[in-house]
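This report refers to the structure that appears directly beneath it.
The values are calculated or read from the model by the stated rules, or taken from the named source; none is laboratory data. What you see is a predicted model; the values in this text were computed from it and never measured. Positions of Cβ are generated from backbone atoms using ideal geometry, with glycine treated the same way; all protein chains shown enter the neighbour counts. Each accessible area value is taken on the protein alone, full model and side chains, heavy atoms only, with ligands, DNA and RNA left out. Shrake-Rupley method; radii C 1.70, N 1.55, O 1.52, S 1.80 Å.
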Amino acid sequence: MLASDAEREHVTARLRTAAAEGRLTLAESDERQAAAYAARTRDELVPLLAGLPRPPRPRRPRRGPLTPRAQRNLRIHAGVTVAVLLLLVLGAVLGPAPLFVPIGPAFWLGLILFVHSRRAEREASPDEEMPEELR
């Protein structure tokens, strides 16, 4: 598979970091960086990272932004939730039942909206786009 510019930049950044840490000599770093910029495929990039430690992985992978469809669905869900809550509050204020406070339904509606926002479809994050062997 052909290497992208982002993959080449990722590899050269790791090589620069390794040189700054003293893991590579300046000459070796320059040689590997030149080879990285000249690489056409991912398979040519992998050997350039040989012998270097992998960077620590983040505990939780970054999440990409919501897709436009997910944003629209979430806005609709939030609007319906607000409308239902307004009806419940209006019913509590004008209704015959004394001391009815819609705290329970408000909690569950809010929780459902929160879960929807966390599970909504997202675009790929930069961490997911980088192949495992180049991370």
### Message
Before I look further, what does the stretch 1-84 give for accessible area per residue, probe 1.4 Å, in whole square angstrom?
### Response
69
### Task
Along Cα→Cβ, 7 Å out, is where each label goes; now give me the distance between the ones at Thr17 and Arg119 in nm to one decimal.
3.5
## Note on the structure
So for the stretch 6-61, using the alpha carbon gyration tensor with a ≥ b ≥ c as root eigenvalues (a/c under 1.5 gives rounded; past that, a/b versus b/c decides prolate or oblate), I'd call it oblate
### Positive-end extreme of charge dipole, the chain - chosen from Ala39, Trp108, Leu90 (charges on Cβ)
Leu90
#### Entry: Within the chain, helix-based [θ] at 222 nm, where runs of 4 or more DSSP H residues each add -39,500 (n - 2.57), nearest 500
-19500 deg cm²/dmol
### Message
Rounded to the nearest 20 debye, what is the charge dipole size of the chain about its Cα centre when +1 sits on each Lys and Arg Cβ and -1 on each Asp and Glu Cβ?
### Response
660
### Message
Under the √(5λ) rule applied to the eigenvalues of the Cα gyration tensor, what semi-axes describe the equivalent ellipsoid of the chain? Give them in Å, descending.
### Response
55, 15, 9
#### Entry: Pairwise FRET efficiency - Asn73 versus Tyr37, Cβ, R0 = 41 Å, nearest 0.05
0.45
### Message
I need to check one value: relative contact order of the chain, counting alpha carbon pairs closer than 8 Å and at least 6 residues apart, in percent.
### Response
31
### Phi to ³J(HN,Hα) by Karplus 6.51 cos²θ - 1.76 cosθ + 1.60 over the stretch 5-19, Hz, x for Gly, Pro
4, 5, 5, 4, 5, 4, 5, 5, 5, 5, 5, 5, 4, 5, 5
